[in-house]
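Below is one structure; the comments refer to it alone.
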Amino acid sequence: MSHPMSNYWIMSSHDTYLDCWNQRADQPVLDEQMYLAALYRGVRCLELDVWDGVPTIGGDSIGEPVIAREKPKLKDDPSVNVKVALKSIQQYLLANKKSYPIIINIENHCSYKVQEKLAKYIFEILGSIGLIVVPDNSDSMDVSDLLPSPASMRGRVVIMGKRPNIVMDGAKVVNDDFDDENDTVFDDEGIPNVKSRDEEEYEMEKVTEIPPQLANMTFLHTTKHKYWDKSLQLPSTHVHSFAEGVLEQMTEKNKEEQIIQNLKKFTSSHICRTFRSWKDVDKTSELNTDPLFKWSLGCQLVSLNYSTYDEHLLKADGRFRRNGSCGYTLKPEFLRSYDAVPERPESWKLNVLCGSCLPTPDSKQQRTSTGISFINPFVKINVYGGDIEQRKGEHTTCVVGRNGLNPVFDDKTGFIFKATSPSLAILTFTVWHKNAEGIEELIGGSAMPVSCIREGCRSVPLFDKQNTRAGPYAYASLLVKAKRVT
């Protein structure tokens, strides 16, 4: 953990405050406890989407800073108290003093006066007890300077947000809101640029004043991408953030892959964040998309929504389990160094031999006449490639009837696959119950990078949807035989 921070994939959350979506009311359900839950899951980049709260009648005319998906118009609109979220982070760090640094991504939509309140709360809750990594304003960082390592910032918080290059009283900075996708356009070669507009109108819309007390605590400076030549000359504390829709346009429209190469070069020394904009999300569809393509570009902060469990969260849990689920895992050498040689492909054959102590599904428990619950388990294995966003292969075992204690899977054929980039490719195991109606219900799962596979008979521990082995999952596992093939 002594490499610069840019050399690591970092477990990142988007809309951390979101618990679920209320389909009936067509509005999000927010919960401040999601911050603590994310931290204990291993997430090390949290999002605070901060707005001006509605002023209280008879109280302060200036509203409190609140966390919400959009600006609250009424007192009862869904929001989270920013002080509660900050105290959750403080509580976690005081209980886990050796935790690797937590990045607080502040998406700032506040007026100047409310920003002053926000800065005050951040300092009182985190800064006053030395939990914030403070930027050095005495000397501006040179392009060749590297970011500090996670090991050098253990037990502390890194603030990420808008920050002027030189912090002065009343400093003004260009507004770099992450969600503003409409400012990015592409020419015939797929190179992003800023839409042309009247200079005065542009300044009126885009300039926002940042209080110096907030800027002085902001270590990572979020800046909007315009030209790669300019981006590659920025100090390493500057961060680019791309909505997935913009990233897809950038990579699809460039025929010579120059943008992909520039992005990989940028992420070898700088941090890049990706997220799924709500403009791209249908409320009835998945909140997440496959993170593998973004990881393959070197993006460190591939932000996922942890409010709903899906196969993409399973991949993320597996990615970071390699390093003890501490929230950081070292990128392969060919993504850390622009001139490094790519990995060698690996081919494997897997046979699922048996299972042990498999719990019943959450939704429904079938019971025999004696009152003992039973399941009809089977296993699915999937391999997801790293260089392109697609499923490389899939394998399903037979169903074992009424035996969750020690089912034996007659998996003589096995599953043979080839991974072109073993460090990028993710192998997933999911255990399912097939009920009498033929409906498949998820029991548990596990995931790991293909580079972590070792030959021989190996135990694969199973995890619940919260990525824990608590309760009935304490001893749940699969026995798998792995053999390297040529």
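The values are calculated or read from the model by the stated rules, or taken from the named source; none is laboratory data. Bear in mind that the values here come from a model prediction, so they are computed numbers and not experimental data. Quick reminder, even Gly has a Cβ in these numbers, built from the backbone with ideal geometry, and neighbours come from all protein chains shown.
When the range 49-68 is examined, which residues are found to be in a loop (DSSP other than H, G, I, E, B) and within 11 Å of residue 109 (Cβ to Cβ)? Walk me through it before giving the result.
Residues of the range 49-68 that are in a loop (DSSP other than H, G, I, E, B), as a first pass: 53-64, 68.
Hit for the range 49-68 is 68, nothing else.
Counting only residues that are out of contact with any helix residue (DSSP H, G or I) (no Cβ under 6 Å at 6 or more places or on another chain) and without any contact (Cβ under 8 Å) to a residue 12 or more places away in the chain, how many does the range 309-340 have?
The qualifying residues number 5.
Give the number of residues within the range 433-443 that are surrounded by fewer than 23 Cβ atoms within 10 Å (Cβ to Cβ) and in contact (Cβ under 8 Å) with a residue 24 or more places away in the chain.
Applying the first criterion (surrounded by fewer than 23 Cβ atoms within 10 Å (Cβ to Cβ)) to the range 433-443 yields 434-442.
With the extra rule that they be in contact (Cβ under 8 Å) with a residue 24 or more places away in the chain, the set shrinks to 434-436, 441-442.
Of the residues in that region, 5 qualify.
Applying the selection to the range 9-30, what residues are within 27 Å of residue 272 (Cα to Cα), charged (D, E, K, R) and at pLDDT below 85?
19
Collect the residues in the range 415-432 that are surrounded by fewer than 19 Cβ atoms within 10 Å (Cβ to Cβ) and part of a strand (DSSP E or B), keeping them in residue-number order. So that I can check it myself, show each step before the final result.
Within the range 415-432, the first condition is being surrounded by fewer than 19 Cβ atoms within 10 Å (Cβ to Cβ), and the residues that meet it are 416, 418, 420.
Answer for the range 415-432, where residues must be surrounded by fewer than 19 Cβ atoms within 10 Å (Cβ to Cβ) and part of a strand (DSSP E or B): 416, 418.
Taking the condition of being in contact with a helix residue (DSSP H, G or I) (Cβ under 9 Å, 6 or more places away or on another chain) and more than 19 Å from residue 16 (Cβ to Cβ), how many residues in the range 69-98 meet it?
Of the residues in that region, 1 qualify.
May I ask you to say which residue of 454, 402, 458 is assigned to a strand (DSSP E or B), over 11 Å from residue 383 (Cβ atoms) and in contact (Cβ under 8 Å) with a residue 24 or more places away in the chain? Walk me through it before giving the result.
Values: 454 fails: assigned to a strand (DSSP E or B); 402 fails: assigned to a strand (DSSP E or B).
After applying the criteria, what remains is 458.
In the range 347-361, which residues are within 16 Å of residue 480 (Cβ to Cβ) and not polar (S, T, N, Q)?
Listed by number, the residues that qualify are 348, 349, 350, 352, 353, 354, 355, 357, 358.
Among 334, 320, which is the only one that is aromatic (Phe, Trp, Tyr), modelled with pLDDT under 95, outside the structural domain of residue 465 (by TED's automatic domain parsing) and outside any loop (DSSP other than H, G, I, E, B)? Please lay out each step first, then the result.
Numbers: 320 fails: modelled with pLDDT under 95.
So the residue among 334, 320 that is aromatic (Phe, Trp, Tyr), modelled with pLDDT under 95, outside the structural domain of residue 465 (by TED's automatic domain parsing) and outside any loop (DSSP other than H, G, I, E, B) is 334.
Based on this model, can you work out whether residue 104 counts as within 17 Å of residue 47 (Cβ to Cβ), surrounded by 22 or more Cβ atoms within 10 Å (Cβ to Cβ) and free of Cβ contacts under 8 Å to residues at least 60 places away in the same chain? Break it down stepwise before answering.
Details: within 17 Å of residue 47 (Cβ to Cβ): yes; surrounded by 22 or more Cβ atoms within 10 Å (Cβ to Cβ): yes; free of Cβ contacts under 8 Å to residues at least 60 places away in the same chain: yes.
Spelling it out, residue 104 is indeed within 17 Å of residue 47 (Cβ to Cβ), surrounded by 22 or more Cβ atoms within 10 Å (Cβ to Cβ) and free of Cβ contacts under 8 Å to residues at least 60 places away in the same chain.
Only one residue in 386, 371 is assigned by TED's automatic domain parsing to the domain that holds residue 475, closer than 30 Å to residue 298 by Cα and either at pLDDT below 50 or assigned to a loop (DSSP other than H, G, I, E, B) (or both). Which one?
Numbers: 371 fails: closer than 30 Å to residue 298 by Cα.
Residue meeting the stated conditions: 386.
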